[in-house]
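Taking it in order: structure first as structure tokens, then the write-up.
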Amino acid sequence: MKAAKKTWRKRLSKWWHGEFKTYDTPGVFGFYMERHWTATAARRVASFYIRHWQWVWSTLIALAALVVSLKLT
């Protein structure tokens, strides 16, 4: 069971952080980070939430109150 958790954590870490790749162009030395497109999307959603959490929660609470008020009438 513990071995399965380690591989799961490693896979999740590899997905989130990505892999270092070298440039394929001759004469160019350097590295870049290659991430899966879903990891990039998840990072953007998390970044958006961290920057705007106040109005996200306010909007969700207001929408929930609207739904409740419409169901009560």
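The values are calculated or read from the model by the stated rules, or taken from the named source; none is laboratory data. Note that this is a predicted model, so its numbers are computed, not measured. Every residue, glycine as well, gets a Cβ built from its backbone with ideal geometry; the counts of neighbours run over all protein chains shown. The area values use the complete protein model at the heavy-atom level, side chains included, leaving out ligands, DNA and RNA. Shrake-Rupley method; radii C 1.70, N 1.55, O 1.52, S 1.80 Å.
Quick look at the numbers
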quantity: Test set (1) in contact with a Phe, Trp or Tyr (Cβ under 7 Å, 6 or more places away or on another chain); (2) in a loop (DSSP other than H, G, I, E, B) - Lys21 fails condition number; calculated: (2)
quantity: Selection status of Lys2, at pLDDT below 90 and surrounded by 10 or more Cβ atoms within 10 Å (Cβ to Cβ); calculated: no
quantity: Test set (1) open to solvent by 80 Å² or more (accessible area, probe 1.4 Å); (2) part of a strand (DSSP E or B) - Trp53 fails condition number; calculated: (2)
